[in-house]
Amino acid sequence: MARDFWSGAVVRLTADGTGRAAGRFQGGASYMPMRSHRAAEPLPVDQASHRVTGARVDPRDLLTTGFALYAGTRLPNVRMWHATRGGGGAEVWLRDPDGCAASAATGEAAHEYGVRNLWQEVERVHEEYVALGSPDARDFGLTVTARGQQVWLHHPERIIEAAPVRESAV
């Protein structure tokens, strides 16, 4: 399964014969979607709206498959890329289709662009994730039906919903 927030994950689904399949994620995997399956290019980032904000979360803490599964569901259509930096640090970049973006590096402030406080949204979702006990990828599951798919935590009745989008006062 490939998503915007991370490069992908492996899920083992079992069909029940009624048009429904469900199963648990087994861990991460790196997938490159075919061109026809890739998301459209996002709008250009509004550089004029740049603002600096404190970074309470170290970007390294965002780089687990468990967090990627949770955040990818809570923040649909948000893409995340990362790179390792010297000294064991990390840098992440976030972007949505409407031209909002954010970046942060270990030990540095975060930078946000556009009408969304994208870095603050990621920090809020990370706080939720930690409050849930920082679940591992295998704690998450997926249910697929003809109507769509749902990511869940621990059991299929505990569906993870998208977070509301919050705009800044830019």
Original post:
Ala68 versus (1) in a helix (DSSP H, G or I); (2) in contact (Cβ under 8 Å) with a residue 60 or more places away in the chain; (3) exposed (fewer than 15 other Cβ atoms within 10 Å of the Cβ): which is the lone unmet condition?
Top reply: (3)
Original post:
Which one of Ala48, Ala39 is modelled with pLDDT under 95, more than 16 Å from the chain's Cα centre (by Cα) and loosely packed, with under 13 Cβ neighbours inside 10 Å?
Top reply: Ala48
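With the structure loaded, tell me whether Glu121 is outside any strand (DSSP E or B), modelled with pLDDT of 95 or more and surrounded by 21 or more Cβ atoms within 10 Å (Cβ to Cβ) or whether it fails that test.
Details: outside any strand (DSSP E or B): yes; modelled with pLDDT of 95 or more: yes; surrounded by 21 or more Cβ atoms within 10 Å (Cβ to Cβ): yes.
Judged against the criteria, Glu121 is a match.
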Original post:
Limited to the stretch 135-154, what total is found for residues that are in contact with an Asp or Glu (Cβ under 9 Å, 6 or more places away or on another chain) and touching a residue at least 40 places away in the same chain (Cβ under 8 Å)?
Top reply: 1
Subject >> Long-range neighbours under 8 Å by Cβ, at least six apart or interchain, first residue on the phi > 0 side of the Ramachandran plot within the stretch 113-127, second aliphatic (A, V, I, L, M) and not in a loop (DSSP other than H, G, I, E, B) >> reply: Gly114/Ala101
Subject >> In the stretch 51-65, the residues that are among the polar types (S, T, N, Q) and either at pLDDT below 90 or not in a loop (DSSP other than H, G, I, E, B) (or both) >> reply: Thr53, Thr65
Original post:
Out of (1) at pLDDT 95 or above; (2) in contact with an Asp or Glu (Cβ under 8 Å, 6 or more places away or on another chain); (3) surrounded by 16 or more Cβ atoms within 10 Å (Cβ to Cβ), the odd one out for Arg79 is which?
Top reply: (1)
**OP:** Tally the residues that are touching a Ser or Thr at 6+ places or on another chain (Cβ under 7 Å), among the small types (Gly, Ala, Ser) and surrounded by fewer than 20 Cβ atoms within 10 Å (Cβ to Cβ), restricting the search to the stretch 95-118.
**Re:** 1
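Conditions tested, residue by residue: (1) closer than 19 Å to Pro42 by Cβ; (2) aromatic (Phe, Trp, Tyr).
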position	(1), (2)
Ala102	yes, no
Thr106	no, no
Tyr113	yes, yes
Asn117	yes, no
Glu123	no, no
Glu128	no, no
Leu132	no, no
Leu142	no, no
Gln150	no, no
Original post:
Hey, any hits in the stretch 121-131 for a residue that's more than 24 Å from Gly54 (Cα to Cα) and of a type in the set (Gly, Ala, Ser)?
Top reply: no
Subject >> Filter result (charged (D, E, K, R) and part of a helix (DSSP H, G or I)) within the stretch 124-139 >> reply: Arg124, Glu127, Glu128, Arg138, Asp139
**OP:** Go through the stretch 83-103 and give me each residue that's part of a strand (DSSP E or B) and more than 12 Å from the chain's Cα centre (by Cα).
**Re:** Ala83, Thr84, Ala90, Glu91, Ala101, Ala102, Ser103
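The values are calculated or read from the model by the stated rules, or taken from the named source; none is laboratory data. These figures come from a predicted structure and were not determined experimentally. With ideal geometry, Cβ positions are generated from the backbone for all residues, glycine too; neighbour counts draw on all protein chains shown.
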